[in-house]
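Reviewing the structure listed below.
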Amino acid sequence: MELKAIKGVGEKTQQLLEKLDIHSVEDLLSYYPRSYDIYEPPVLVRDITRPGTYAIFAEVASDVSVVNKGRLKLIRVLVKDYEGKGLELVFYNMLYLKSQLKRGYRMVFRGRVVHKMGKLSMEQPAMYHYGEYEEKISSMQPIYRLTAGLSNNLLTKSVRFAMELVDLCHEYMPFSIRNRYQLMDYSLAMECIHFPKNKEDYIAARYRLVFDEFFFFILALRQMKQENSVATNDFHIRHHEEVDLLLKHLPYELTGAQKKAYEALMADLTSKKMMNRLIQGDVGSGKTIVAFLALIETALSGYQGAMMVPTEVLAKQQYKNLVELLEANHLPISVGLLIGSTTTKEKKVIYEQLKKGEISLVIGTSALIQEKVEYENLALVITDEQHRFGVNQRKLLSDKGTLPNICVMSATPIPRTLAVIFYGDLDLTVMDELPKTRLPIKNCVVDSSFRPNAYRFMRKQVEEGRQVYIICPMVEESDVESSQELENVEEYSKKMQEVFPEYTIGMLHGKMKAKEKNAVMEAFALGKISILVSTTVIEVGVDVPNATVMMIENAERFGLAQLHQLRGRVGRGAHQSYCIFMSDSKDEHTKSRLEVMNSSNDGFYIASEDLKTRGPGDLFGLRQSGDFDFGLGDIYQDATELALVSQCVEAYEAEELSVTEAERQVIGQKVDLYTRKCLNKLNI
């Protein structure tokens, strides 16, 4: 159903929604809240020790003062709770409050407390009579990810109207499954995920919808595995002595894990069964050289190979590294680079060369699998950190009339038990050994009082010619935050320019256009930016050996596995590297979680601990495994449910559940729809 069917959605609002990848009423209903504003009981002023959103029951204890700041008029007033402790309230351009906020006026004031000019104050609070506020306690108001020009209020209203337009009563999950796994009805789950009355409703709704996501995902994987199992390898690839000589000339010896992975790839390439393998290697384990070796063996056997990476900057780096490796070993193998920013004229030339087989190896982004790209004899495709592509690549390539060997590489540290489920269509090889020359990263977990020392340390590193990453959880200042004030990229970048006026500060986040992001990453890779302030968009995509310091603000808001992924951006060169985890959390559970990062650089151990240390409070934190593109599900946070759903799928396929043929047809249609949606996200 079209968006214009929603009351209040005109052309302008529709364009804003489409920026969020919302193109239909159904898309809007699947656009789940990123968090919720939870109305907590009022607290005493003495309990407000740090920034965050609070409610206090207090009375006005001073006259209202008005301060003119250009067009902005600040209304300030002091309120006190029953203990006599005071807190300043600040309102913006609300002059009518001057007659309302008289001494002795008692209300519940709720708003965000900020720390400015050495003191705490509450900005733009809402006001409620005590009884009125009591009714709101524990209620949850949805907070959606927005784009400039679109308010949370407008999006919330649009979702409410959308629910009236769509028939949510149509239940597609068989009763036997809903009954066995105690799943909430779909229509109620959709209502409660957007507008939960309490945490219990939210948890039950989320459980149902995450169950559905995992159920159809695993079914799609198993369907693909069945299709792949009958595929035969018609390519005659063999091992070449030139590769043995190349290995002897490397300035280092391969680790045992690298040799094992290389042997696994060659066993697949030379077998009669088509390769469909995952190389899961910890950050810095040296997966790239293993990929290069397999590509070179393929090219020397007379076939084409392709390597797809997440970003243009990384594609350029890998292209340069591969060309230098081939030239150093006098191997006459032609290599091409194909990325989004490649000019139309250059693309036409590359398309023609690939079609004729004049290019043996090609490095690029998802541009490698676009409709216009044709290969003469593509025998091997290696993808790096492309999870969605990893799930659907065989179908994409077979639809193009090509059926190559497939290898997916990932540095995301997933415990083996989860990897077997998540990458169910792939054979698994684990690289759990780091090169001996790699210096372990030195870590520290500190609170914000350490920040001046951290800045001094960064300055020293930059003066020595090194570079720095600073990671913030937010892009811009949030209008509503239900727990605490989070650092955001835009404000932090300005602050860094004040602290380090003599150095170039860069800013990077997901709301930037692809061209802008590539320009920033390339400038950082070339050393033109000394300090890069970024969101987790930097998690994969650029290799900067000169970067030696990473500071992660609000570290408690990330999962341990994601913190490890982020930390992997440093420690890639010859210099000692450092990671500073900044957190003001007083929660003992949170402290113990972060201590894992302080004590270990082992990604697989950290991933395992991540599963053990998740608490119920993490339900409202930032999603940890967004790379896998589930609407709600998180493979770490929901690991238990993922295993449960895997068992359910096995029982379903073994026909151990009471499911009618009509219900199976509906499920089959949902699986096909799921696969198509994944392909659409790749713009194929």
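The values are calculated or read from the model by the stated rules, or taken from the named source; none is laboratory data. Here the structure is a predicted model, which means the values were calculated and not measured. Positions of Cβ are generated from backbone atoms using ideal geometry, with glycine treated the same way; all protein chains shown enter the neighbour counts.
Computed values, structure above
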quantity: Unique residue being surrounded by fewer than 16 Cβ atoms within 10 Å (Cβ to Cβ), basic (Lys, Arg) and modelled with pLDDT of 90 or more when the list is LYS287, LYS197, LYS273, LYS248; calculated: LYS248
quantity: Strands (runs of 3 or more DSSP E) wholly inside region 54-154 containing at least 3 residues that are out of contact with any helix residue (DSSP H, G or I) (no Cβ under 7 Å at 6 or more places or on another chain); calculated: 65-69, 72-80, 86-92, 106-116, 119-128
quantity: Search result, residues across region 572-593 that are aromatic (Phe, Trp, Tyr) and over 20 Å from GLU487 (Cα atoms); calculated: TYR578
quantity: Of all residues in region 551-568 being of a type in the set (A, V, I, L, M) and within 10 Å of ASP610 (Cβ to Cβ), the one that is surrounded by the fewest Cβ atoms within 10 Å (Cβ to Cβ); calculated: ALA561
quantity: Conditions (1) modelled with pLDDT under 90; (2) of a type in the set (Asp, Glu); (3) surrounded by 11 or more Cβ atoms within 10 Å (Cβ to Cβ): number failed by GLU132; calculated: (1)
quantity: Residues of region 551-569 that turn out to be in contact with a Ser or Thr (Cβ under 8 Å, 6 or more places away or on another chain) and not acidic (Asp, Glu), as a count; calculated: 9
quantity: Options ALA328, ALA261: the member that is at pLDDT 90 or above and surrounded by 22 or more Cβ atoms within 10 Å (Cβ to Cβ); calculated: ALA261
quantity: Test: residue in region 60-77 that is touching a residue at least 24 places away in the same chain (Cβ under 8 Å), closer than 26 Å to LEU154 by Cα and surrounded by 12 or more Cβ atoms within 10 Å (Cβ to Cβ); calculated: no
quantity: Positions within region 413-468 being buried (at least 17 other Cβ atoms within 10 Å of the Cβ) and part of a strand (DSSP E or B), in sequence order; calculated: THR429, VAL430, MET431, ASN443, VAL445, VAL446, GLN467, VAL468
quantity: Total residues in region 148-174, condition of a type in the set (D, E, K, R) and under 21 Å from GLN15 (Cα atoms); calculated: 2
quantity: Matching residues, region 583-603, being assigned to a helix (DSSP H, G or I), closer than 24 Å to PRO51 by Cβ and touching a helix residue (DSSP H, G or I) at 6+ places or on another chain (Cβ under 8 Å); calculated: HIS589, THR590, SER592, ARG593, LEU594, MET597
quantity: Flag if VAL313 is in contact with a strand residue (DSSP E or B) (Cβ under 9 Å, 6 or more places away or on another chain), in a helix (DSSP H, G or I) and over 12 Å from ASN405 (Cβ atoms); calculated: no
quantity: Set MET224, MET184: member being surrounded by 19 or more Cβ atoms within 10 Å (Cβ to Cβ), within 26 Å of the chain's Cα centre (by Cα) and farther than 30 Å from GLN14 by Cα; calculated: MET224
quantity: Any pair with Cβ under 8 angstrom, 6 or more apart, that starts in region 596-624 at a residue that is modelled with pLDDT under 75 and ends at one that is among the β-branched types (Val, Ile, Thr); calculated: THR613/VAL596; LEU619/ILE203; PHE620/ILE38
quantity: Residue list for region 528-545, restricted to those being at pLDDT below 95 and assigned to a loop (DSSP other than H, G, I, E, B); calculated: THR535, VAL540, GLY541, VAL542, ASP543, VAL544, PRO545
quantity: Leading residue by the ranking (nearest to VAL666 (Cα to Cα)) among those in region 192-202 that are in contact (Cβ under 8 Å) with a residue 12 or more places away in the chain and out of contact with any helix residue (DSSP H, G or I) (no Cβ under 7 Å at 6 or more places or on another chain); calculated: PHE195
